[in-house]
1. For the stretch 392-427, what are the residues that are open to solvent by 40 Å² or more (accessible area, probe 1.4 Å), in contact (Cβ under 8 Å) with a residue 40 or more places away in the chain and over 43 Å from the mean Cα position of the chain (by Cα)?
2. Which of (1) farther than 19 Å from T484 by Cβ; (2) open to solvent by less than 50 Å² (accessible area, probe 1.4 Å); (3) in contact with a Leu (Cβ under 8 Å, 6 or more places away or on another chain) does I541 not meet, given it meets every other one?
3. For P504, only one of the following conditions fails: (1) out of contact with any Leu (no Cβ under 7 Å at 6 or more places or on another chain); (2) under 15 Å from T570 (Cβ atoms); (3) modelled with pLDDT under 95. What is its number?
4. On the basis of being over 30 Å from L454 (Cα atoms), open to solvent by 40 Å² or more (accessible area, probe 1.4 Å), modelled with pLDDT of 95 or more and within 18 Å of the chain's Cα centre (by Cα), does T331 make the cut?
5. Just one of (1) at pLDDT below 95; (2) touching a helix residue (DSSP H, G or I) at 6+ places or on another chain (Cβ under 9 Å) trips up A34, so point out which.
6. Please state which one of T278, T302, T322 is surrounded by fewer than 19 Cβ atoms within 10 Å (Cβ to Cβ) and touching a Pro at 6+ places or on another chain (Cβ under 6 Å).
7. Every residue in the stretch 119-147 that is at pLDDT 90 or above, in a loop (DSSP other than H, G, I, E, B) and either of a type in the set (G, A, S) or open to solvent by less than 10 Å² (accessible area, probe 1.4 Å) (or both), please.
Amino acid sequence: MAFTSSGLPNNGKTAHYQISYDTTLSPVDGVARALDLFNICEADFALMSGWFAGVNLIFNFPLPVQIVNAFGGASWSNPSGFQLIFGSSPTITIKPASGTSVNVIRYLLVSEVTEMFMVSKNNQWAEPTSLFQGGDEGSMGEGLSRFLGVQFQLANGIGGVPPPGAGVVPVWLNGARPDFVNNDPDDNRPDIVTGCTTLFIYYLFNQLNFSIQQIINAGASNLAGVYQNLTGQPAGWASFIDLVNRYYPPAFSPYTPKGDNIFPVSDLNAFFPPNPITCGYGQTTLISIDRPAMAQVNIVLTSDNPGLVQVPGTVTIPVGGTSAPVTISTTAIPIPFAPQIVNLHASYAGKTITVACEVVPPYLTGLTIAPAKVTCGDNATGTITLSQPSLSGPVVVTMLNGSTFANVPATVTIPPGVASQSFVITTPNIPIPFKTAICSIYATYGSSSASAVLLVASRVIAPIMSSLTVFPTTVTIGEISRGTVTLVEAVPMPAVIALEAMDPTVGPGGPLPLPGSASSIASVPASITIPPGQTVGIFNITTHGIVSPGTHHFVRIVAGGIPLMYAALTVNA
C-alpha cells in the first residue's frame, strides 16, 4: 500500500499534521478530500486544544495522517514510555470508505486526536502507559472520543449524529444495559461497553449540564469517579440507570435514536381532554411532551371504566416529535342516559396527567323549519338534527309549541343510524285578518334542546292598526294637532283608514260618542291612505268655531279600521 501527498500544498504538511492519501483512491476520494482536509484540519485542532486547555501533546509534530482506501473507522497506536523518551509521532490511519465527504474524515481524525490529548493530559481518561507498553484509550476514553467527535460536528454545523456505522449507544440501550460506569474494562471496540460509556458522557453533558472542559478535567479511574468529581455524589450509575430506565423502559425496546444521544429526557407536558363523545363513537385528542423526543417516548394510557371508554395501552411519540394523537373509543349503551364522566390517565416517567372524558347520548344540534314563513292553513316541514346517529336504539324527541297558530306532533322518533328526521307542522286556516304570528317551536331530548321560529301570516290581507295617537293632545281653538295611525305590519296594497272627529257626551274618560255625533270644533280628513309597504300615516286635525272664553272642549278622534280606535283631543277657548 503506497501513500502520496501529491497535489497538496507544502507536500501535505501543516503545523500539526502530515497528510497523505492512498494512491489507489480516485482523484475525488484521494487528492480532493485530502486537500479539503489540509485546508480545515488546523481549525479543528484549535477546537480540540480549547477543550484540553493547557495540555500539550507529548508526541512530535507533524503527526502522520494516512487516508486509506478502506472502510473501518480510524486508529492509532500509543507508543511505549521508552519510545516517548526518544520522541514519537504515531501514525493516524483513517478508513473513511469511498464516496464519503471530508467531514467523515474530520470526525474520525478528531476522535483519534482527542484520544492523544487524553493520553497527554494523563488524568485517567486513557489506560496507563508503561515503559514497554503504550496504553490505549480504554472504554472511558473511547466513549469520550466518540462524544467529542459529535461535539466537533455540532460546533461546525454538521449535525449531532455520528457518521453512518459509527453509532454505539443503541447496542447498549436495546440490550441488557450492564454497568460499565463502575466497571472500566479496557475495551475500545464499537460494542455494548463503549455504548454505555458514550451514553454516560452524554448524560453528564446534556442532562446534568456539565461543560466539555469540566468533564475532561474530572478524569478518574472509572466513570463513577468522574461523576463523583463533578457532583460530589457517589451514586453515578444508580442515578444514570434509574433515569434511563424510567424514561426509556426496557420493555419498549428497541429504541432508535437518531444518534448516540438520548438526553435531555422529555417530560409529559399535556393531555388534552376530548370534547363530549357520543356513546358508540370515538374521538382523537393529543398528548404532548415538553421538548422533542431524543428517542421514542412511550406513554402508558389507562381508563377508569374500560367497559365504556377505551384507550390504547400506549401511545408513542416518535424521535424528534413533541406530540402524538390518541384515539379514544366508547361503547354504545342503551339510551337515554345521564352524561357519564370517565377519567383517563397518561403516565410517563413517574408523571401522570388525568383528564375527564364525558360520554353522552346522541344530542340535538339543530331544529330547522322550511319554509320559515307560511300563510295560515299551509304546512311547513321541521327537521331535527342529532350530533351523530344513535347506535343503540331510537331517539324519541319531545316537541313543544308555544302558540296556537301552529301544531306539532307530541314526539318525533329518529330511528337508529339516522342523523336527522323531518316532521309536519300544520297551521289553522283563520278566515279573519290578524297580525303575523311568531310561533316558537322547541325540541328536547335528555339535557339537550333546540328551537326554531315559524311565522304564520294571515290569509286575509287587510290593514290592522296597532295605535292611533294625537300630538299635541291639548290645543287652543284655531290651532292644529296631528294624528298618527300606525299599522301592525305593512300590507301590499294602499291601506285606506276612515277618520272622524266626534263630540263625546262627557269628558275624556266618559262614554264614547254615538255615531253621527260629529264634532263642531274639530275636523279631520275623511280618510288617510298609507302607501303599500309602509306602516305609518299622519293627518292634520284642525280646530275652529266660536266657544266661550275659559272653557274646555273634548273631541274624540276616530280611526275606522281593524280594530276601531279612538284618541282624545282637548280644545281650550
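1. Matches in the stretch 392-427: G402, F405, V424, T426.
2. The one condition I541 does not meet is (1).
3. Going through (1) out of contact with any Leu (no Cβ under 7 Å at 6 or more places or on another chain); (2) under 15 Å from T570 (Cβ atoms); (3) modelled with pLDDT under 95 one by one, P504 breaks only (1).
4. Working: over 30 Å from L454 (Cα atoms): yes; open to solvent by 40 Å² or more (accessible area, probe 1.4 Å): yes; modelled with pLDDT of 95 or more: yes; within 18 Å of the chain's Cα centre (by Cα): no.
No: the conditions fail for T331.
5. Exception for A34: condition (1).
6. Values: T278 fails: surrounded by fewer than 19 Cβ atoms within 10 Å (Cβ to Cβ); T302 fails: touching a Pro at 6+ places or on another chain (Cβ under 6 Å).
After ruling out the rest, the residue left standing is T322.
7. Quick first cut of the stretch 119-147, residues at pLDDT 90 or above only: 119-125, 139-147.
Still in the list and also in a loop (DSSP other than H, G, I, E, B): 122-125.
Scanning the stretch 119-147 gives a single hit, W125.
Matching residues to (1) over 30 Å from T331 (Cα atoms); (2) polar (S, T, N, Q):
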site: N183; (1), (2): yes, yes
site: S211; (1), (2): yes, yes
site: L230; (1), (2): yes, no
site: D242; (1), (2): yes, no
site: T256; (1), (2): yes, yes
site: P276; (1), (2): no, no
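The values are calculated or read from the model by the stated rules, or taken from the named source; none is laboratory data. On a predicted model such as this, the values are computed, not experimentally measured, just so you know. Positions of Cβ are backbone-derived with ideal geometry, glycine not excepted, and every protein chain shown enters the neighbour counts. With ligands, DNA and RNA removed, areas are computed over all heavy atoms of the protein, side chains included. Shrake-Rupley method; radii C 1.70, N 1.55, O 1.52, S 1.80 Å.
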